[in-house]
């Protein structure tokens, strides 16, 4: 078995707290699989680094990361630094530089977890969101003219390329075939109001869908999709959307499955020419930073996604199984799920279950 080289960026807020627990699980996986090992290199980048240097990461940061097999990332953000600086200074450059155009965000209502939606039982919410990750509404194209005057003009341009749009839509269909559950792909758009980018998205979706005649398809406007995530989440299987729309929908999906602390994310370079990145969705969570109560299960599930991407499928399944048992048994869970355990105690429980 190989020795995987992992870049670890704990970042800000609760990032260091949950990343340390994710590494604890990685150590347990390595310990129970002779020959499998992980060499982790920590990079102290984020808001503290910005306060010291004026940058979120050094000028050669991308080059430093490029030699690794994967990146495990915590969170970025600071109450005293504008979000557009932190986001565009660290997270988005990694996604774009490494062409991580396919973002995968699963959402599942586990046994033992209560949804805020009335009457939903385990498994009623079981969907996966495919988010276009490098262009769309988050492309840094635009500018300001006459700033600070009565004539100030601001332009923000969405960017949709055929390569990027087709890549994410095709990835969603291919995943739906492998997933083999409801066999349905839902495209989320806003083509009634955005007559260029979103109409183009719809056209590409229809073209790719024609190659998968066994897969049911639908196209929803984003406002309708948001409503249906709350009204009828069980109707969804695989969802594909642009950078902005999928970002919003994945937060809704996380909440209806019980907690933002359960939502993992994979940022994939499909061609595997560059490292892919794995992270929890919840962000820096400043309100609970330092309290030791952040839920580490999103990070641990992201570790499982990383293991699967690296080809360690059996290990990934074991980690996923331990997370599911931890939630179902409800002996050691954090306050966001109604428990009183600490971040570290939950990870220790996952490690214990892995050993059984």
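Couple of notes before you dig in:
- Checked against (1) surrounded by fewer than 20 Cβ atoms within 10 Å (Cβ to Cβ); (2) part of a helix (DSSP H, G or I); (3) in contact (Cβ under 8 Å) with a residue 40 or more places away in the chain; (4) touching a helix residue (DSSP H, G or I) at 6+ places or on another chain (Cβ under 8 Å), residue 33 meets all criteria but (2).
- Residue list for the range 78-114, restricted to those being within 16 Å of the chain's Cα centre (by Cα) and closer than 22 Å to residue 43 by Cβ: 87, 90, 91, 92, 93, 94, 95, 96, 98, 99, 100, 103
- Count of residues meeting criterion [in contact with a strand residue (DSSP E or B) (Cβ under 7 Å, 6 or more places away or on another chain), in a strand (DSSP E or B) and touching a residue at least 60 places away in the same chain (Cβ under 8 Å)] in the range 129-188: 5
- All told, residue 332 falls short of being surrounded by 20 or more Cβ atoms within 10 Å (Cβ to Cβ) and either at pLDDT 95 or above or assigned by TED's automatic domain parsing to the domain that holds residue 78 (or both).
- The one condition from (1) at pLDDT 95 or above; (2) crowded, with 19+ Cβ neighbours inside 10 Å; (3) not in a helix (DSSP H, G or I) that residue 301 does not meet is (3).
- For the range 310-331, the criterion of being within 29 Å of residue 209 (Cα to Cα) and touching a helix residue (DSSP H, G or I) at 6+ places or on another chain (Cβ under 6 Å) is satisfied by no residue at all.
- Residue among 69, 83, 3, 59 that alone is over 23 Å from residue 244 (Cβ atoms), outside the structural domain of residue 239 (by TED's automatic domain parsing) and without any contact (Cβ under 8 Å) to a residue 12 or more places away in the chain: 59
- Restricting attention to the range 65-98, the residues that are in a helix (DSSP H, G or I), in contact with a strand residue (DSSP E or B) (Cβ under 8 Å, 6 or more places away or on another chain) and under 27 Å from residue 307 (Cα atoms) add up to 5.
- For residue 161, the stated conditions do not hold, so it cannot be described as in contact with a helix residue (DSSP H, G or I) (Cβ under 7 Å, 6 or more places away or on another chain) and closer than 23 Å to residue 207 by Cβ.
- The condition (being within 24 Å of the chain's Cα centre (by Cα), surrounded by fewer than 19 Cβ atoms within 10 Å (Cβ to Cβ), under 21 Å from residue 114 (Cα atoms) and free of Cβ contacts under 8 Å to residues at least 60 places away in the same chain) is satisfied by just one residue among 339, 321: 321.
- Each residue in the range 113-128 was checked for being part of a loop (DSSP other than H, G, I, E, B) and crowded, with 16+ Cβ neighbours inside 10 Å, and 7 pass.
- Of all residues in the range 199-211, those that are within 26 Å of the chain's Cα centre (by Cα) and touching a residue at least 24 places away in the same chain (Cβ under 8 Å) total 6.
- Criterion applied to 143, 77 was being more than 26 Å from residue 240 (Cβ to Cβ) and surrounded by fewer than 18 Cβ atoms within 10 Å (Cβ to Cβ), and the one residue passing it is 143.
Residue-by-condition table, conditions (1) in contact with a strand residue (DSSP E or B) (Cβ under 9 Å, 6 or more places away or on another chain); (2) over 14 Å from residue 108 (Cβ atoms):
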{"position": "253", "(1), (2)": "yes, no"}
{"position": "266", "(1), (2)": "yes, yes"}
{"position": "288", "(1), (2)": "no, yes"}
{"position": "292", "(1), (2)": "no, yes"}
{"position": "329", "(1), (2)": "no, yes"}
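- Residue list for the range 255-276, filter: closer than 24 Å to residue 221 by Cα and surrounded by 24 or more Cβ atoms within 10 Å (Cβ to Cβ): 257, 263, 265
The values are calculated or read from the model by the stated rules, or taken from the named source; none is laboratory data. The shown structure was predicted, so the numbers you read here are calculated from the model rather than taken from an experiment. Positions of Cβ are generated from backbone atoms using ideal geometry, with glycine treated the same way; all protein chains shown enter the neighbour counts.
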